[in-house]
Amino acid sequence: MAGVEPTSIDGVLVTHHHSDHSKTALRASKNWGAVLYSNLETAIRMGWEPIVECRTFGALERIVVSDEISLLPIPVPHDDADNVAVIASNGDGRRAAVVTDLGELTADLMRHLSGCSHISIEANYDHDRLMSGPYPEVLKRRISGRGGHLSNAQTGEALSGIVNKNLESVVLCHLSEQNNAPHLAESEVLMSMEERFSGSIGISLQSGPEFSNWLGQSEPERISSL
């Protein structure tokens with residue numbers, strides 16, 4: 001994990017119960033000696049016992065993980081899930097965000113993203129590829145609907161609305177292998193932000209990101225294992 005020792009991890013936050021975001025979270029938190037966090041709906045769907053196995057949080061409830069970091073969960077729309085985006089703060093005014101599995105960005109989320117130095121956000125599909133592809137129509141509507149995923153264009157439009165001189169890095173994640181391609185996602189987003197964005201942009205594939213970014217880091221660090 002980008003050179004991070006698992007035993008140095010204080011907390012594991014699960015955004016929602018879908019298996020690609022939650023499957024090994026309980027085992028990992030126990031192995032690492034970390035606190036497992038989720039909202040109550042996710043804990044119930046996963047069969048986790050609150051207090052004993054995990055600590056539950058409410059919407060927009062600040063979670064103090066350690067003296068160095070706190071997290072703010074922000075509800076976002078996603079099919080059959082009580083999903084949250086996460087804003088992390090290290091206490092000196094700098095913030096980072098992880099935003100994935102949502103069909104649209106809410107006003108609350110946009111407001112919090114506008115103050116972030118680092119943003120990891122999904123660019124799940126290229127609209128033309130999805131609509132001309134082999135998926136059934138009902139699945140196409142689900143993916144492109146309010147409870148589905150963000151397209152390259154939606155992500156570009158959102159970032160265009162919040163880009164400022166303090167935004168240092170953007171990582172595009174959760175790209176569909178069937179309905180997207182890294183060059184399509186990156187070009188769409190950069191074109192939307194135009195020359196107002198002077199930071200770094202990267203793509204996180206299923207194998208993980210090429211570079212790491214964290215609060216307080218002076219320069220992005222290449223992950224040697226990739």
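Taken together, the values in this text are just the output of simple stated rules run on the coordinates, not laboratory data. Here the structure is a predicted model, which means the values were calculated and not measured. In this analysis, Cβ positions are derived from the backbone assuming ideal geometry, glycine residues included, and neighbour counts consider all displayed protein chains.
Summary table
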{"quantity": "Relative packing of 114-126, 165-177, 193-205, 130-142, which averages over residues the other C-beta atoms within 10 Å, highest first", "calculated": "114-126, 165-177, 193-205, 130-142"}
{"quantity": "Quotient of Cα Rg and 2.2 N^0.38 Å for the range 94-214, N being how many residues it contains", "calculated": "1.01"}
{"quantity": "Projected label distance in nm at Ser19 and Ser66, using a 7 Å step from Cα toward the beta-carbon", "calculated": "3.2"}
{"quantity": "Antiparallel %, DSSP beta bridges [both residues in the chain], to 5", "calculated": "45"}
{"quantity": "Per-residue [θ]222 nm for the chain (sum of -39500 (n - 2.57) over DSSP H runs n ≥ 4, rounded to 500)", "calculated": "-7500 deg cm²/dmol"}
{"quantity": "Full-stretch length increase - Arg146, Gln178 - with 0.36 nm per residue and alpha-carbon distance subtracted", "calculated": "9.5 nm"}
{"quantity": "Cβ-derived FRET efficiency at R0 45 Å, Val138 paired with Asn164, nearest 0.05", "calculated": "0.70"}
{"quantity": "Per principal axis, descending, Cα span of the chain in whole Å", "calculated": "48, 43, 36"}
{"quantity": "Gain in span if fully extended, Ala28 to Glu195, counting 0.36 nm per residue against the direct Cα distance", "calculated": "56.0 nm"}
{"quantity": "Antiparallel bridges, percent of DSSP beta bridges restricted to the range 94-214 (to nearest 5)", "calculated": "10"}
{"quantity": "Peptides ranked, highest mean first, by Cβ atoms within 10 Å: ranges 66-75, 93-102", "calculated": "93-102, 66-75"}
{"quantity": "Qualifying GluC sites (Glu not before Pro) for the range 1-63 [loop in DSSP, other Cβ within 10 Å: at most 13]", "calculated": "Glu61"}
{"quantity": "Contact order normalised by residue count of the range 94-214, Cα under 8 Å, 6+ apart, percent", "calculated": "30"}
